[in-house]
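The values are calculated or read from the model by the stated rules, or taken from the named source; none is laboratory data. Just so it is clear, the structure is predicted and the values come from calculations on it, not from any experiment. Reconstructed Cβ throughout: ideal geometry from the backbone, glycine too, with neighbour counts over all protein chains shown.
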Amino acid sequence: MKLIRTILLTATILAGSLSAQKVNWEHNATEGFTLAKKQGKFVLLDAYTDWCGWCKVMDTAPYAKKPVIDAIDKDFVAIKYNPEKDGDFQINGETVTQSEFGEKFHVTGYPSTLFFDAEGNFIQTVVGYFEADEFANQILPFILSDRAAGGNYSTIKYLNILDGYAKDGITAELNIAYAIVYIEVENNLEKALNYLDIIPKDDPLFNIAQNLRKIFVYPEENNMDEETSAKVNEIVDKYFR
C-alpha cells in the first residue's frame, strides 16, 4: 500500500555537522547476510530507491550521526539495497526475488529499514524517516530486545499515541487514524476495515471512511479524491506530527 505515506514520513531534521565516520555499508545483500551469520550480528537492511528524497535524508541525517553509526557498527551488519535495481539475493541459500521483496518483508513505502537476526530470520520492517536520537536510542535497542517479537515498533508507537487521545473519547477521526496505522504499518486490511466500518452513516466522515475502504480493498482501481486526501492529511497532521 503506497497511497498514504505521509504518516510514515513526518520529520523535523535536526541541524548539525556531519560526522567524519560513516556506516560501513555492504552493497551486496547476499554477502551481507553471509557476513552477519559469520560475525553473529543482526542485519540492518536499508531499502531505498533513487527517486526517494527521504532516503537521501536518511543518509545525511541519522546515518551520518555518531550515535547511530556506533550502534550499528556494534551490533549490526548494514546492507544497502535498491529493490528496483539490485535484483535477487540470497539468505542462507534461499533466494529472495526482486519482485517478491516488498510483499515478503512488508515494505509499504520508502525509506524502509528491515531487520533480521544473525541467522537471517526476518524480525520486522520499520517504514519512514526517523531522527538520529530515536533511531539510536529507541529503534535499535527495541530490535535487539525481546520486545521486537511482540509487535512492530512503528505500530506500537503510533497506537500508543492514538490510545492517549482515545482516553478523551473515540471519534470518527480517531477511527480513521487507527485504520491508517493498520493498513500502512501492519498491512492488516481486516483491522483497518474494522475501524472504518464502525463509523455510522450519520457521521460527517462516513463518506470519507467509505472512500478509504474502497482504496484499501482495491488500491489499483481507486484513486484518492481531493476531499479524502485533504482529510487524511489533516488527520495525520493532528495525530502524528
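May I ask you to list pairs of residues, at least six apart or on different chains, whose Cβ atoms are under 6 Å apart, with the first in segment 224-241 being under 16 Å from Lys214 (Cα atoms) and the second being among the polar types (S, T, N, Q)?
What qualifies is Thr228/Asn211.
Any residue in segment 139-149 that is touching a Leu at 6+ places or on another chain (Cβ under 9 Å) and either surrounded by fewer than 17 Cβ atoms within 10 Å (Cβ to Cβ) or aromatic (Phe, Trp, Tyr) (or both)?
no
Taking the criterion of being touching a residue at least 40 places away in the same chain (Cβ under 8 Å), closer than 14 Å to Tyr158 by Cβ and of a type in the set (Lys, Arg), would at least one residue in segment 185-206 satisfy it?
no
Which residue out of Phe135, Phe130 is at negative phi, at pLDDT 95 or above and not β-branched (Val, Ile, Thr)?
On the way: Phe130 fails: at pLDDT 95 or above.
Answer to the check: Phe135.
Of the residues that make up segment 221-240, is at least one part of a helix (DSSP H, G or I), farther than 24 Å from His106 by Cα and hydrophobic (A, V, I, L, M, F, W, C)?
The answer is yes, given that some residue of segment 221-240 is part of a helix (DSSP H, G or I), farther than 24 Å from His106 by Cα and hydrophobic (A, V, I, L, M, F, W, C).
Of these, Phe216, Phe240, which one is closer than 21 Å to Gly164 by Cβ, crowded, with 16+ Cβ neighbours inside 10 Å, in contact with a helix residue (DSSP H, G or I) (Cβ under 6 Å, 6 or more places away or on another chain) and of a type in the set (A, V, I, L, M, F, W, C)?
Details: Phe216 fails: closer than 21 Å to Gly164 by Cβ.
Of Phe216, Phe240, the one residue that is closer than 21 Å to Gly164 by Cβ, crowded, with 16+ Cβ neighbours inside 10 Å, in contact with a helix residue (DSSP H, G or I) (Cβ under 6 Å, 6 or more places away or on another chain) and of a type in the set (A, V, I, L, M, F, W, C) is Phe240.
Within the set of pairs 6 or more residues apart or between chains, which connect a residue that is assigned by TED's automatic domain parsing to the domain that holds Gly40 inside segment 63-77 to a residue that is in a loop (DSSP other than H, G, I, E, B) and among the β-branched types (Val, Ile, Thr) with Cβ atoms less than 8 Å apart?
What qualifies is Tyr63/Val23; Val68/Val23; Ile69/Val23; Ile72/Val23; Asp73/Val23.
Take Ile170 and decide whether it is surrounded by fewer than 18 Cβ atoms within 10 Å (Cβ to Cβ) and β-branched (Val, Ile, Thr). Explain how you work it out, then say what you get.
Working: surrounded by fewer than 18 Cβ atoms within 10 Å (Cβ to Cβ): yes; β-branched (Val, Ile, Thr): yes.
Answer is yes for this residue.
Listed residues Asn187, Asn194; which is in the same structural domain as Ile215 (by TED's automatic domain parsing), at positive phi and out of contact with any Cys (no Cβ under 6 Å at 6 or more places or on another chain)? Let's see the steps before the verdict.
Numbers: Asn194 fails: at positive phi.
The unique qualifying residue is Asn187.
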